[in-house]
Ligand SMILES: *Cc1c(COP(=O)(O)O)cnc(C)c1O
């Protein structure tokens, strides 16, 4: 007897990578699988197509590479921008600083991350500012200090906020003045584009970004991020880096074909808009609950809030999963491309009931 598949588990707010693969990406994967034997290591038609589609999307002749995950995308991109004696300026909450196990330092043979001082409104929102960059670049010039070479920003940020076009332009301006490259960790790039309602080029190369790690996984792929070099010179030998790091997929088409499915008909953007809308719905539903303090209105697909301790415990007991104490104390409630309004409403109702019970 064939076993029936397990019942789908309840949706959660722990992360957007708890969600599965979106139907369009999965269909493209199936289509790729129906196309018989194909060249390996990226020499296939799917990889050509997804790369051309990304060039169309960004309206520029960028250089594109696919890797398995965001840590590799960031680490290898930064390594390609740095010598070992260089440094990378980032925000205290940057994923490259807090969640990549030293990957950027390892793959760059020791380039140091220089974390901007926390404090002020921008820091509260998880952002880097031109002043913070300027301060780090100018505080030392001597040979004993790792030479600043890159500014790295995350769009949308780790705190669910979004850099405006103007903010990116001014960071790019200081980077340019100080001869620094600008790297963008775009694990949630789609959510930022959806929020800003701008053309993707406006917050990347047209604003001065040199390389973007364009996240696919959290947007609905099974696996796979695109490293997009707008300055193609910076991608010299990048293919070798990818291979040496164990990030070159031999059946590359199963990473690139889902990107085709994602890019066709703007599925990537529609997925992001949906996730963002669910975060707004969640915000509206919980902001008035007594004892709940939303840290800032959501700008992407997450809500950060302080919740009463007893309510947090109760929510966990009844099976809700979400992270506490993320970057400054709040609970992080993350919505995904497939988060259902009913899930949001059920969570909000359980939260209100838990607060009532504790009162
Ligand atoms: C999820 C995420 C990544 C990628 O993480 P992996 O687990 O390595 O795929 C990178 N940057 C940010 C901001 C993220 O949230």
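Whether any residue in segment 177-184 is within 21 Å of residue 276 (Cβ to Cβ), within 16 Å of the ligand (Cβ to nearest atom) and out of contact with any helix residue (DSSP H, G or I) (no Cβ under 7 Å at 6 or more places or on another chain) is what I want to check.
Yes, segment 177-184 contains at least one residue that is within 21 Å of residue 276 (Cβ to Cβ), within 16 Å of the ligand (Cβ to nearest atom) and out of contact with any helix residue (DSSP H, G or I) (no Cβ under 7 Å at 6 or more places or on another chain).
Looking for something assigned to a loop (DSSP other than H, G, I, E, B), closer than 18 Å to residue 53 by Cβ and outside the structural domain of residue 340 (by TED's automatic domain parsing) - is there at least one such residue anywhere in segment 256-267?
no
Are there any pairs with C-beta distances below 9 angstrom linking a residue in segment 215-227 that is within 10 Å of the ligand (Cβ to nearest atom) to a residue that is modelled with pLDDT under 95, with the two at least 6 apart or on different chains, and if so which?
So the pair list comes out empty.
Of all residues in segment 78-113 being over 20 Å from residue 127 (Cβ atoms) and within 11 Å of the ligand (Cβ to nearest atom), which is surrounded by the most Cβ atoms within 10 Å (Cβ to Cβ)?
Checked segment 78-113; the qualifying residue surrounded by the most Cβ atoms within 10 Å (Cβ to Cβ) is 103.
Residues that are crowded, with 24+ Cβ neighbours inside 10 Å and closer than 18 Å to residue 231 by Cβ: does segment 131-143 have at least one?
no
Checking residue 278 against (1) outside the structural domain of residue 72 (by TED's automatic domain parsing); (2) surrounded by fewer than 22 Cβ atoms within 10 Å (Cβ to Cβ); (3) touching a helix residue (DSSP H, G or I) at 6+ places or on another chain (Cβ under 6 Å), only one condition comes out false. Which one?
It is condition (2) that residue 278 fails.
Based on this model, can you work out whether residue 234 counts as surrounded by 24 or more Cβ atoms within 10 Å (Cβ to Cβ), more than 16 Å from the ligand (Cβ to nearest atom) and either under 25 Å from residue 47 (Cα atoms) or at pLDDT 95 or above (or both)?
no
Would segment 123-133 turn up any residue that is touching a strand residue (DSSP E or B) at 6+ places or on another chain (Cβ under 6 Å) and at pLDDT 95 or above?
Yes, segment 123-133 contains at least one residue that is touching a strand residue (DSSP E or B) at 6+ places or on another chain (Cβ under 6 Å) and at pLDDT 95 or above.
Just give me the residues in segment 196-214 being more than 16 Å from the ligand (Cβ to nearest atom) and out of contact with any strand residue (DSSP E or B) (no Cβ under 6 Å at 6 or more places or on another chain), in sequence order.
Hits for segment 196-214 are 196, 197, 198, 199, 200, 201, 202, 205, 206, 207.
Given (1) under 30 Å from residue 115 (Cα atoms); (2) surrounded by 22 or more Cβ atoms within 10 Å (Cβ to Cβ), where does residue 68 come up short, assuming only one miss?
Condition not satisfied by residue 68: (2).
Return yes when residue 135 is more than 13 Å from the ligand (Cβ to nearest atom) and assigned to a helix (DSSP H, G or I) and no when it is not.
Yes, satisfied.
If I filter segment 64-72 for residues that are more than 16 Å from the ligand (Cβ to nearest atom), more than 23 Å from residue 157 (Cα to Cα) and in contact with a helix residue (DSSP H, G or I) (Cβ under 9 Å, 6 or more places away or on another chain), do I get at least one hit? Spell out how you get there, then give the answer.
Looking only at segment 64-72, we keep the residues that are more than 16 Å from the ligand (Cβ to nearest atom), and these are 64.
With more than 23 Å from residue 157 (Cα to Cα) added as a condition, the list becomes none.
No: segment 64-72 contains no residue that is more than 16 Å from the ligand (Cβ to nearest atom), more than 23 Å from residue 157 (Cα to Cα) and in contact with a helix residue (DSSP H, G or I) (Cβ under 9 Å, 6 or more places away or on another chain).
Taking segment 314-346 on its own, how many of its residues are closer than 26 Å to residue 95 by Cβ, in contact with a helix residue (DSSP H, G or I) (Cβ under 7 Å, 6 or more places away or on another chain) and touching a residue at least 24 places away in the same chain (Cβ under 8 Å)?
Counting residues in segment 314-346 that are closer than 26 Å to residue 95 by Cβ, in contact with a helix residue (DSSP H, G or I) (Cβ under 7 Å, 6 or more places away or on another chain) and touching a residue at least 24 places away in the same chain (Cβ under 8 Å) gives 10.
Mind checking which residues of segment 196-209 are surrounded by fewer than 24 Cβ atoms within 10 Å (Cβ to Cβ), touching a residue at least 40 places away in the same chain (Cβ under 8 Å) and in contact with a helix residue (DSSP H, G or I) (Cβ under 6 Å, 6 or more places away or on another chain)?
Within segment 196-209, 200, 201, 207, 208 qualify.
Return the only residue of 73, 25 being out of contact with any strand residue (DSSP E or B) (no Cβ under 7 Å at 6 or more places or on another chain) and surrounded by 21 or more Cβ atoms within 10 Å (Cβ to Cβ).
Just one listed residue meets the conditions, 25.
The values are calculated or read from the model by the stated rules, or taken from the named source; none is laboratory data. Here the structure is a predicted model, which is why all the values come from computation and not from measurement. Every residue, glycine among them, receives a Cβ derived from its backbone with ideal geometry; neighbour counts consider all protein chains shown.
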